[in-house]
Amino acid sequence: MKNQLYDQARPFGLRDKLGYMFGDFGNDFTFIFASSFLMVFYTKVLGIASSAVGVLFLVARFVDAVTDITMGRIVDTFPTAKDGRFRPWIRRMAGPVAIASFLMYQSQMANASMAWKMIYMYVTYLLWGSVFYTSINIPYGSMASAISPESDDRTALSTFRGIGASLASLIIGVGGPLILYITDEEGNKIVDGGRFTLVAGVFSVLAIICYIICYFSTTERVKIEPKAGSSPKSMAQVFLGALRNKALLAIIGTAIGMLLSQLFIQSLNNYLYADYFRNTEALALFNIIVTVISLALAAVTLPLTKKYGKKETAVTAILLSGTVYLLLFLFRIGNAWLFLGLSGLGYIGISYFNLIVWSQITDVIDHQEVMTGERDDGTIYSIYSFARKVGQALAGGLGGFALSLIGYDELARVQSDEVLRSLYTAVTLLPAVCFFLTALILGFLYPLNKKRTEKNGEILRRKKRE
């Protein structure tokens, strides 16, 4: 493929970074809300068994295996519009993804039969996650390579994207527990189904606003044209090419491990703080602490990666998280405020990885071009996006199965002591194991260390000068 800068493009700057940040802000008003509270809505509002919800998440990933890769190929082969190759999809799909998200949280379905609840759950979830979210998230994520060809600019975009996710997490994580839960006469925390529907509607409107800001604030500067006489690659060729890219496979393994940890913690924290600590206010404060940590890390991400490398610093941060969660498991903290402080410290690995991973994906795309001479931004990103959804499904599925395994009763207002002890063990031990395994994958299998990344950048710059 031939890369060239758009002739009339304005210089890359803060406007692009803020615009790209708002794009992830929009994504996460539906994604993080679903990751954190959708299982709560299904189990405590609709009364669906947690194991059935886990099956839904796993089934959806088989659908995503088709829709994600298909969307990636569409992005790479669809004719470039006047406003770029990737940006048009943001304006096309902003409305559909927001509406589909709102439809998932209709509390009126609580009065329907279980058969209709299951149909409703499958149809609305697949429509949101496997169709509309895919059709906007893959072009959005692929767009970073087109906004600027410079590595430092892409790292800045990745950092601002992480800031957007952190701000969305702050709003959802703090506002969610405070608004969605009410206290009964006995002091127990219970969810209000009507509030779920209202909050989902507000978040959908905010998502659309954020997408509009992203669309009008970003500019695609790198124009990618197919080689003359080239024909689209088949799905088999796409997968064979991906299997030869060790960097892609390793970052996929890392992403699954980190998402498994992050979403498992987010999902079961709702039960841990409500049932074990009986303190949802502490959960809200935990989400504030996590956001503050992420914003603080954003200020030092670029200097750290430039001096020590993305891979090297990420491994260190993830090992720290594994150590903290292992200590939480061993010492079985009984005070909610102490637990939230330590677990916030243990979130450093997740926060740091989320800030730099999107620039690592552009490094993987560059590596693919060095290996093959061709650039498939949408395809590579779609494969990675599918891996993220696998991590999301495993977290949701394991969350549901873990609750079922420990004997959690969705209809009971008070859980037994044995169930509460098992809940604490699950929320601390499984993330600790995942953190350590992920650090091993990133440290020993991911080949793009600082030296290799800089070498690839020099190869591509020399290629463009020729």
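The values are calculated or read from the model by the stated rules, or taken from the named source; none is laboratory data. Since this is a predicted model, take the numbers as computed values, not measurements. Neighbour counts run over all protein chains shown; Cβ positions are idealised from the backbone, glycine included. Heads up: the accessible areas ignore ligands, DNA and RNA and are worked out on the full protein's heavy atoms, side chains in. Shrake-Rupley method; radii C 1.70, N 1.55, O 1.52, S 1.80 Å.
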* Asked: Across the range 13-24, in residue order, what do the Karplus-derived ³J(HN,Hα) couplings come to in whole Hz, using 6.51 cos²θ - 1.76 cosθ + 1.60 with θ = phi - 60° and x for Gly and Pro?
  -> x, 4, 4, 5, 5, 5, x, 5, 4, 5, x, 6
* Asked: Suppose every K and R has +1 on its Cβ and every D and E has -1 on its Cβ; what is the size of the dipole of the chain about the Cα centre, in Debye to the nearest 20?
  -> 1560
* Asked: In nm, to one decimal, how far is the modelled label at I190 from the one at S51, with both set 7 Å along Cα→Cβ?
  -> 2.6
* Asked: To the nearest 10 degrees, how steep is helix 87-103 against the longest Cα principal axis of the chain, on a 0 to 90 scale?
  -> 10
* If the limit is 31 Å between Cα atoms, which of K311/K389; K82/K451; K44/K311; K17/K463; K223/K306; K82/K311 go over it? -> K82/K451; K44/K311; K82/K311
* Asked: If you place +1 on the Cβ of every Lys and Arg and -1 on the Cβ of every Asp and Glu, how big does the dipole about the Cα centre of the range 317-466 come out, in debye to the nearest 20?
  -> 540
* Decide, for the range 29-78, between rounded, prolate and oblate: order the square roots of the alpha carbon gyration tensor eigenvalues as a ≥ b ≥ c, take rounded if a/c falls under 1.5, and otherwise choose prolate if a/b is larger than b/c, else oblate. => oblate
* To do: Just read off the accessible area of K389 with the full protein assembly in place, 1.4 Å probe, to the nearest 10 Å².
  => 10
* Asked: How would you order 408-416, 91-99 from highest to lowest mean count of nearby Cβ atoms within 10 Å?
  -> 91-99, 408-416
* Structure fact -> Contour minus Cα-Cα span, W337 to R15, at 0.36 nm per residue, comes to 112.0 nm
* Take the solvent-accessible surface of the protein heavy atoms, probe 1.4 Å, and return the percent of it on the range 1-118 that carbon and sulfur atoms account for. => 67
* Within the range 36-179: Cβ-based charge dipole about Cα centre, in debye rounded to nearest 20 (Lys, Arg +1; Asp, Glu -1) -> 300
* Taking a ≥ b ≥ c as the square roots of the eigenvalues of the Cα gyration tensor of the range 348-391, is the shape rounded (a/c under 1.5), prolate (a/b larger than b/c) or oblate? -> oblate
* In angstroms, what radius of gyration and Dmax does the range 1-107 have, counting Cα atoms only? -> 18.4, 57
* Could you pull the Cα extents of the range 327-464 along its three principal axes, largest to smallest, in whole Å? => 65, 28, 22
* Cα long-axis angle, helix 50-77 against the chain (0 to 90 degrees, to the nearest 10) -> 10
* So what are the ³J(HN,Hα) numbers for the range 374-390, from phi and the Karplus equation (6.51, -1.76, 1.60; θ = phi - 60°), rounded to whole Hz, Gly and Pro as x? -> 10, 10, 10, 4, x, 5, 4, 5, 5, 5, 5, 4, 4, 4, 4, 5, 4
* Once both axes come from the Cα atoms, what is the angle between helix 151-180 and the longest principal axis of the chain, in degrees from 0 to 90, rounded to 10? -> 20
* With θ set to phi - 60° and the Karplus curve 6.51 cos²θ - 1.76 cosθ + 1.60, what are the ³J(HN,Hα) couplings of the range 128-134 in order, to the nearest whole Hz, using x for Gly and Pro? -> 6, x, 8, 10, 6, 5, 4
* To do: Just the number, please: carbon plus sulfur as a percent of the accessible area of the range 131-182, 1.4 Å probe, no ligands or DNA/RNA counted.
  => 71
* Percent of alpha-carbon pairs separated by more than 17 Å within the range 414-466 -> 64
* Structure fact -> Heavy-atom accessible area per residue of the chain, all protein chains kept, 1.4 Å probe, expressed in Å², is 39
* Solvent exposure ordering (accessible area, 1.4 Å, most first) of F436, F216, F57, F62 -> F62, F216, F436, F57
* **Heavy-atom accessible surface of the range 369-433: percent carbon and sulfur, 1.4 Å** => 60
* Over all alpha-carbon pairs in the range 290-354, figure out the percentage whose distance exceeds 15 Å. => 53
* Structure fact -> Under the rule rounded for a/c under 1.5, else prolate if a/b exceeds b/c, else oblate, using alpha carbon gyration tensor axes a ≥ b ≥ c, the range 376-444 is classed as oblate
* Structure fact -> For the chain, the percent of all C-alpha pairs falling in each 20 Å bin, from 0 up to the bin holding the max distance, is 25, 58, 16, 1
